[in-house]
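Working notes, beginning with the structure itself.
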Amino acid sequence: MHPIIPAMRQALADQADGERAAQMAAYMKTDQPFYGVQSKQCHQVFRVALKKYPIKAVADYETVIFELWNGVHREEMYQALRVAESKPFYAIEQWSVYERLVKSSDWWDTLDWIAGKIVSGLYRKHPRFVEPYLMAWRTDDGMWVRRASLLAHLRQKTRTNCDLLAETILMLAHEPEFFIRKAIGWALRDYSYSNPQWVEAFVAEHDAVLSNLSKREALKAIERRRAKGELSDG
């Protein structure tokens with residue numbers, strides 16, 4: 001076992017807070033135990049451990065990620081994702097690692113981190129490589145994987161592939177699942193910061209198809225900016 005793994009586990013155990021752990025588990029609606037360590041402290045544990053026990057090989061990078069990912073406590077999964085997005089091994093060459101994380105994620109806290117940060121970061125740099133995977137994820141049996149096909153479009157800004165985003169939304173808009181409808185709205189809202197006219201036009205054109213939740217989320221930032229006078233009515 002790479003020494004960074006027991007080092008992080010011990011550091012998390014040393015900072016464990018039973019009362020906070022119960023609150024975190026209740027908030028996440030999960031039976032998986034927490035140490036009760038908050039995000040800022042988890043990040044500090046990660047930084048200290050990585051500095052003391054650097055990961056020097058790709059094989060170790062992957063091993064550490066999945067040893068932590070399959071750990072007992074939820075914070076270990078968060079540490080796995082910190083390792084996954086760390087340099088120098090976070091790269092398109094390790095794509096199979098990130099797809100495996102997407103397909104084994106079981107809740108929004110981990111999936112949104114993987115899709116909205118790790119995958120979207122690689123998508124921004126390697127769109128031609130990533131897009132076929134996003135297209136395949138749209139029809140995956142797993143709801144979280146389908147959600148990932150939407151959230152990978154986050155943070156693309158002016159590089160957003162509007163055609164693919166629109167096509168993906170329309171493929172999934174019929175689903176009654178809250179997390180899909182929310183993700184549709186989130187992806188549209190994120191893009192509205194770069195192209196509010198496109199988002200408004202898309203929502204208007206597909207008013208009958210999009211759920212009220214998706215439409216509300218999609219237009220939230222536009223309406224707020226318009227109320228502040230940052231956008232015209234045109």
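The values are calculated or read from the model by the stated rules, or taken from the named source; none is laboratory data. All figures in this text were calculated on a predicted structure; none of them were measured in a lab. Reconstructed Cβ throughout: ideal geometry from the backbone, glycine too, with neighbour counts over all protein chains shown. These area figures cover heavy atoms from the full protein model, side chains too; ligands, DNA and RNA do not enter into them. Shrake-Rupley method; radii C 1.70, N 1.55, O 1.52, S 1.80 Å.
Tabulate in residue order the Karplus-calculated ³J(HN,Hα) for the stretch 94-110, using 6.51 cos²θ - 1.76 cosθ + 1.60 with θ = phi - 60°, rounded to whole Hz; enter x for Gly and Pro.
Listing the rounded values in order: 9, 3, 4, 5, 6, 5, 5, 5, 4, 6, 10, 6, 10, 6, 5, 5, 7 Hz.
Within 10 Å of each candidate Cβ there may be at most 12 other Cβ atoms; applying that plus a DSSP loop requirement, which chymotrypsin sites (Phe, Trp or Tyr not before Pro) in the stretch 82-189 survive? Provide the component values of the computation, followed by the final result.
On the way: sites: PHE89, TYR90, TRP95, TYR98, TRP107, TRP108, TRP113, TYR123, PHE129, TYR133, TRP137, TRP144, PHE178, PHE179, TRP186; in loops: PHE89, TYR90, TRP107.
Those that pass, being in a loop and sparsely packed, number zero.
With a Förster radius of 25 Å, plug the Cβ-Cβ distance of LYS220 and ALA91 into 1/(1 + (r/R0)^6) and report the FRET value to the nearest 0.05.
0.15
Given only helices, namely DSSP H runs of n ≥ 4 each adding -39500 (n - 2.57), what is the per-residue ellipticity at 222 nm of the chain, to the nearest 500 deg cm²/dmol?
Working: 14 runs with 153 residues, N = 234.
The helix-only estimate for the chain comes to -20000 deg cm²/dmol at 222 nm.
With 29 Å as the limit, write out which pairs from LYS157/LYS215; LYS87/LYS228; LYS87/LYS220; LYS29/LYS125; LYS125/LYS228 have Cα-Cα distances beyond it, or answer none.
Where the Cα-Cα span goes over 29 Å, the pairs concerned are LYS87/LYS228; LYS87/LYS220; LYS29/LYS125; LYS125/LYS228.
Need one number: nm distance between label points at LYS103 and PHE129, each 7 Å from Cα along Cα→Cβ, rounded to one decimal.
With each label point 7 Å from Cα toward Cβ, the separation is 1.8 nm.
Over the Cα atoms of the chain, what is the Rg over Rh ratio if Rh follows Kirkwood?
1.01
Mind ranking GLU62, GLU217 by accessible surface for me, highest first, 1.4 Å probe?
GLU62, GLU217
How many angstrom lie between the Cα centre of the stretch 51-106 and the Cα centre of the stretch 150-167?
Using only Cα atoms to place each centre, the spacing works out to 25 Å.
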